[in-house]
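To keep things clear, I will list the structure first and then write my remarks on it.
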Amino acid sequence: MESALTARDRVGVQDFVLLENFTSEAAFIENLRKRFKENLIYTYIGSVLVSVNPYKDLEIYSKQHMERYRGVSFYEVSPHLYAIADNSYRSLRIERKDQCILISGESGAGKTEATKKILQYYAVTCPASDQVETVKDRLLQSNPVLEAFGNAKTLRNDNSSRFGKYMDVQFDYKGAPVGGHILNYLLEKSRVVHQNHGERNFHIFYQLLEGGEDDLLRRLGLEKNPQQYHYLVKGQCARVSSISDKNDWKVVRRALSVINFNDNEDLLSIVASVLHLGNVQFAADEQGNAQVTTENQIKYLARLLGVEGSVLREALIHKTIIAKGEELVSPLNLEQAAYARDALAKAVYGRTFSWLVNKINKSLAYKVNLSLTCWRSATVLGLLDIYGFEVFQHNSFEQFCINYCNEKLQQLFIELTLKSEQEEYESEGIAWEPVQYFNNKIICDLVEEKFKGIISILDEECLRPGDATDMTFLEKLEETVKNHPHFLTHKLADQKTRKSLGREEFRLLHYAGEVTYSVTGKCYTTTTPLPDTRVTSHPHFPPLQTVTLPFSPPISSTQFKNSLSKLMEILMSKEPSYIRCIKPNDAKQAGRFDEVLIRHQVKYLGLMENLRVRRAGFAYRRKYEIFLQRYKSLCSETWPTWEGRPHDGVAVLVKHLGYKQEEYKMGRTKIFIRFPKTLFATEDALEIRKQSLGKSSVQCNTFLFLLSSAITIQSWWRGTQGRRIATKKKWAVETIRRFIKGFIYRNYPRCSENEYFLDYIRYSFLMNLKRNLPKNVLDKSWPTPPPSLYEVSQLLRQLCMQNMVWSYCKRISPEWKQQKVVASEMFKGKKDNYPQSVPRLFINTRLGDTFSLSFLVISVPAIGDVVLQSDHVIETLTKTAMSADKINNVNISQGR
Ligand SMILES: Nc1ncnc2c1ncn2[C@@H]1O[C@H](COP(=O)(O)OP(=O)(O)O)[C@@H](O)[C@H]1O
Ligand SMILES: [Mg+2]
């Protein structure tokens, strides 16, 4: 990011915190303008991204761009949506903390495009698997469906979202998207029955008529021509050249099938029923009571909704008043009947939309696989695409809700930004300096406080029996909140401001500016009855509610307040990132920078306030390593390398650069610079230094080339070594695993699991046998064979024995054989140590040649010691052998 600092005169600063005159709105807008002219549509305010709709394809959303932002620090690349998306994703993965990205701005400012681009970024860059691919597809394909039912052409945007959307994307422990959930807010139902000039109803109606197959249309009782339907021609522009309903219909159909809507005829029959409802006409009878004149429509409606025609007809021309616990039914006049019809159409469509969102949610639901035991580790990233502040000539309840929502979001923003600033100061060990800012809690309270807040009063007035009108509501409001500094009405205003306020208006001084709301309209203070339980059998058919004050919402304002506070809770539990979208002109034209329009948005988006909070302390902060790396060439002590701690290096550097005490602070890991001019001066010095260094750049380049070559070779060799070791380890692990598996399966018949083990056991038995074969025929030792070699072992043993006997026999001389036969006859079974004497040949003498035996002493226990002269020995032995049983334990000792 610093790399663009030098071009700041031409392209402005990439971060508004670097604006010298940060309190000047003119300087802010000038910076936006400079960048917009250079097609640089993104600029930061700290970590908030400001985006200006270019209204042209900038080719900055390719795969290569996505790769450029993947895993890269915020400040290393120029501002982009992807940087925000990537930053949130990385925090989600590393810190395992839920994230949310809040996208706000006027209609047509580029919120929905930004949401889609962020989703695409995740679809491309996140890890994938078959299941994940399906989820990614569904997440992406839910958009065209929601847009068909919730978007419409308006004067400001051909594809304007007429509802607020909060979408959660769930990621598993591997960082792959595995599920999603959508919450919708404030669908603009009034569009179903009325559109301003130049605007259209929701896309789906036109798409169905343009693209629907003849067969389908016939079944739904529809004609191809949108001009035939009252609800489609209020804005007198059913067909628009920039929109291809036919193609969009195909996209929607395909998307419907991806998100599991294979049978969508039910859904389309409701869409068709709204069109038929719009064509229901009334005429007054003599008493002025409304009567239905278009029986054909009732017939179609009855068929499509599965309701009795008569029930429907009655419901449209009668009302029920509950008085003193009794139900009184009375006819409606023409105007009331038309109102009841429109209310019904809006309610039907609203319900269908909610049903659709629920259905999409079911198809996006994270199918928890308990066996993977990873369900608890799923983290969530939320995307909020909701209108920014709206200020029109005529502001109604809708704008009131939207602005209240933005008031709450601002409160959240201030709280969280200040909190994170404070936390950073704390962790860096820098004293916190309190920031003066406008706390808009006072306005939130004015709207939402129990009993005393505008919403409470409105609800109370709507539910009050009797003649509640918009004017009584206003009076009650004046009475309750008259002293509030952010509330004004015609009656409460002073002489000067009174002129700018109508009698049916009240004004709120929002944090972003004043908005005047009107409470006028047609009044139906009594309830307009609609068929209730009788027709609720249809899945989308609403229990038709009462219709009350025109300023009152189709849902109760308390309901909206509650859903908003739930949203705030969701957002509060996550780490937020912000994208503020700006529309450069009303003509949807590329390259046109309408300053007045932009100033208005800068004001109502609260950007100056954002900047003030962010700049309250320091304009710039960076980790010591990064700061030192960039600016080390400016000081001889830190150039070319600093060996010590980066913290000390930066201290030396800033001292050398002459930073004054009040210009900076040293934190634990970062340097904080208070003024942009300090940073700019350093940046300019760096530029000059680079130019002087340029002369020795050839040498420097050679050195760098050699260095990088050495590093490349080193890394290749290390890679090779590493791979070899890894292969060895892998082999070892594999062998051990096979061995253990083989051991477990050792008693099974030979199979792939145990063949290695069995072979090894056989081999080791045979090798062991080879080393330990019996040495002679009398050696009966034999290693224990494994069960599989039992038979083989027996055979080998026999063979071995036969072999030894054979070779033994081969060695025996005839004389020896004879002697042994004689000996066997004489001693076998009679002498204890006979078996030991079998392998040895009897010899004539054991005395050797060197000495002669003088005598032998034979100790015979029964006889006592017998001393024999040598020439008597053989004779005596032979004799004695005759009575061998007497000389069993003969001890013979020899002497001279
Ligand atoms: N980043 C962008 N690049 C090019 N065109 C854009 C971009 N963002 C928005 N647009 C154009 O502006 C139109 C309105 O944008 P959209 O996101 O629908 O506005 P919003 O949701 O704020 O009402 C889009 O249809 C598109 O033509
Ligand atoms: Mg939108």
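The values are calculated or read from the model by the stated rules, or taken from the named source; none is laboratory data. Just so it is clear, the structure is predicted and the values come from calculations on it, not from any experiment. Neighbour counts are summed over all protein chains in view; Cβ atoms, including those assigned to glycine, are modelled from backbone coordinates with ideal geometry. With ligands, DNA and RNA removed, areas are computed over all heavy atoms of the protein, side chains included. Shrake-Rupley method; radii C 1.70, N 1.55, O 1.52, S 1.80 Å.
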**Asked** Quick check: is even one residue across the stretch 88-110 open to solvent by less than 10 Å² (accessible area, probe 1.4 Å), within 16 Å of Thr125 (Cβ to Cβ) and not aliphatic (A, V, I, L, M)?
**Response** yes
**Asked** Tell me, which helices (runs of 4 or more DSSP H) wholly within the stretch 445-501 include 3 or more residues that are of a type outside the set (S, T, N, Q), buried (at least 16 other Cβ atoms within 10 Å of the Cβ) and in contact (Cβ under 8 Å) with a residue 60 or more places away in the chain?
**Response** 454-463
**Prompt:** Of the numbered conditions (1) away from ligand 2 (no atom under 16 Å from the Cβ); (2) within 12 Å of the chain's Cα centre (by Cα); (3) within 25 Å of Pro54 (Cα to Cα); (4) not small (Gly, Ala, Ser), Pro127 satisfies every one except a single condition; which is it?
**Reply:** (3)
**Request:** Answer yes if at least one residue in the stretch 176-190 is more than 28 Å from Leu381 (Cβ to Cβ) and more than 16 Å from ligand 2 (Cβ to nearest atom), and no otherwise.
**Result:** yes
**Request:** State whether the residues of the stretch 217-233 include one that is of a type outside the set (Gly, Ala, Ser), open to solvent by less than 30 Å² (accessible area, probe 1.4 Å) and over 17 Å from Asn279 (Cβ atoms).
**Result:** no
**Message:** Here is a list: Lys234, Lys246, Lys250. Which entry is assigned to a loop (DSSP other than H, G, I, E, B), at pLDDT 90 or above and among the basic types (Lys, Arg)?
**Reply:** Lys234
**Residue that is open to solvent by less than 80 Å² (accessible area, probe 1.4 Å) and under 19 Å from Tyr44 (Cα atoms), where the choices are Arg599, Arg614** = Arg614
**Item:** the stretch 93-122 - residue that is out of contact with any helix residue (DSSP H, G or I) (no Cβ under 8 Å at 6 or more places or on another chain) and basic (Lys, Arg) and, of those, nearest to ligand 2 (Cβ to nearest atom)
**Value:** Lys111
**Ala685 vs. criteria open to solvent by less than 50 Å² (accessible area, probe 1.4 Å) and under 30 Å from Val17 (Cβ atoms)** = yes
**Item:** Residue list for the stretch 748-786, restricted to those being part of a helix (DSSP H, G or I) and either free of Cβ contacts under 8 Å to residues at least 24 places away in the same chain or exposed (fewer than 11 other Cβ atoms within 10 Å of the Cβ) (or both)
**Value:** Glu755, Tyr756, Phe757, Asp759, Tyr760, Tyr763, Ser764, Leu766, Met767, Asn768, Lys770, Arg771
**Message:** Take the conditions over 35 Å from the mean Cα position of the chain (by Cα) and at pLDDT below 90 and apply them to Asn196. Does it pass?
**Reply:** yes
**Complete:** When (1) open to solvent by less than 30 Å² (accessible area, probe 1.4 Å); (2) at pLDDT below 95 are applied to Gln287, the one that fails is (1)
**Message:** Could you tell me how many of the residues in the stretch 576-600 are part of a helix (DSSP H, G or I) and in contact with a helix residue (DSSP H, G or I) (Cβ under 8 Å, 6 or more places away or on another chain)?
**Reply:** 3
**Asked** Since Arg351 meets every condition but one in (1) within 16 Å of ligand 1 (Cβ to nearest atom); (2) at pLDDT below 90, which condition does it not meet?
**Response** (1)
**Prompt:** Where residues in the stretch 148-177 are near ligand 1 (Cβ under 9 Å from one of its atoms) and open to solvent by 10 Å² or more (accessible area, probe 1.4 Å), which of them is farthest from the chain's Cα centre (by Cα)?
**Reply:** Arg156
**Request:** Kindly list the number of the only condition in (1) assigned to a helix (DSSP H, G or I); (2) more than 37 Å from the chain's Cα centre (by Cα); (3) under 19 Å from Arg191 (Cβ atoms) that fails for Asn296.
**Result:** (3)
**Item:** Residues of the stretch 316-332 satisfying the condition of being buried (at least 16 other Cβ atoms within 10 Å of the Cβ) and at pLDDT below 80
**Value:** Lys319, Thr320
**Complete:** Restricting the stretch 383-396 to residues that are touching a residue at least 12 places away in the same chain (Cβ under 8 Å) and either part of a loop (DSSP other than H, G, I, E, B) or in contact with a Lys or Arg (Cβ under 6 Å, 6 or more places away or on another chain) (or both), the one nearest to ligand 1 (Cβ to nearest atom) turns out to be Asp385
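Matching residues to (1) of a type outside the set (Lys, Arg); (2) within 14 Å of ligand 2 (Cβ to nearest atom):
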{"site": "Leu140", "(1), (2)": "yes, no"}
{"site": "Arg162", "(1), (2)": "no, yes"}
{"site": "Met167", "(1), (2)": "yes, yes"}
{"site": "Phe171", "(1), (2)": "yes, no"}
{"site": "Val192", "(1), (2)": "yes, no"}
{"site": "Glu199", "(1), (2)": "yes, no"}
{"site": "Glu210", "(1), (2)": "yes, no"}
{"site": "Arg218", "(1), (2)": "no, no"}
**Request:** Scan the stretch 620-669 residue by residue and report those that are open to solvent by 70 Å² or more (accessible area, probe 1.4 Å) and touching a Gly at 6+ places or on another chain (Cβ under 6 Å).
**Result:** Trp642, Arg668
**Prompt:** Across the stretch 209-245, what is the number of residues that are touching a residue at least 24 places away in the same chain (Cβ under 8 Å) and under 34 Å from the mean Cα position of the chain (by Cα)?
**Reply:** 2
